[in-house]
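S.K.: Here's a structure for you.
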Amino acid sequence: MKRFWNKKGLMLFAGFALLVAMPFLIIPEKHLPVLTDNPLNPYPEPEDIAASYIQKASENYFYREFPQGVDNYRKAIAIYEERKDVHRVATTHNSLADLYAWASNPKEAEKHYLLAARYHAQTANLLGQADSIKEIADLHMKYENFQEAEKRYSESLGLLKDGKPNRVAGSVHEGMGHMYWKANRIPEAIDSFTHARDTFATLHYNMGVEQMTGVLNRLHRLPKTQHSQALRGSSAEEGYAIH
């Protein structure tokens, strides 16, 4: 027994200790995250000034610091415009529009979604353009401006009519389904949700298929059920209507 601990035992113990320590020895220090004092984003600030403004705007968005977020997005847009980086100008306008929508300022949101769509058009990015137009339709649908919402949804689909099935087309059909449902146009809602389900199935987006199938089952079973987001004439929402 004494001989075992002097030879085999010591060798086994040394091997076990090396195994435990190995992960700490082989991980280079450069792969470890560099922590900062920011609890939301522990990674260092981007070296690119425009990306830095966007990161700050995202943090403002998270904390609902909307004026600061608007200011940082605008600074980023100005830099991208100076660089003639049209794609990033478009995507940043879209992010700014999202912030305005979250801040319950639909008029400014619509303005920047339109700007995003126009910049996407400059780079022939039909998916981006259609997606920005769809966001405008979603805004109008939310505040029950159904005529304008239908117009924008149709405009978005028109941009995609010659393309393959894609996520934007599926989302447009889904949005139209909710719009028709809120407007109590159930047959048209069922038709739109069916298009959405079939598009998602083609894309193998199983979660979308399941959601649309659930909605369709509900509408077929209870065709007079009211949409959960219907405003029902609430005066509190009318102040945010877009015209």
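Each value in this text was obtained by applying a stated rule to the coordinates, not by laboratory testing. Everything numeric here is computed off the predicted structure, so don't read it as measured data. Ideal geometry is used to build each Cβ from the backbone, glycine not excepted, and the neighbour counts take in all protein chains shown.
S.K.: Using the Karplus curve 6.51 cos²θ - 1.76 cosθ + 1.60 with θ = phi - 60°, what ³J(HN,Hα) values do you get for each residue of segment 57-70, in whole Hz, with x for Gly and Pro?
M.R.: After applying 6.51 cos²θ - 1.76 cosθ + 1.60, I find 4, 5, 5, 4, 4, 4, 8, 6, 8, 5, x, 5, x, 4 Hz.
S.K.: Moving on to the next point. In percent, how large is the relative contact order of segment 73-160, given Cα pairs closer than 8 Å and 6 or more residues apart?
M.R.: Result for segment 73-160 is 22 percent.
S.K.: In segment 149-228, how many lysine pairs have Cα atoms under 23 Å apart, counting only pairs 8 or more places apart or on different chains?
M.R.: Within segment 149-228, the lysine pair count is 4.
S.K.: Can you compute the FRET efficiency between S58 and R221 using 1/(1 + (r/R0)^6), with r the Cβ-Cβ distance and R0 = 51 Å? Round to the nearest 0.05.
M.R.: For R0 = 51 Å, the calculated efficiency reads 0.75.
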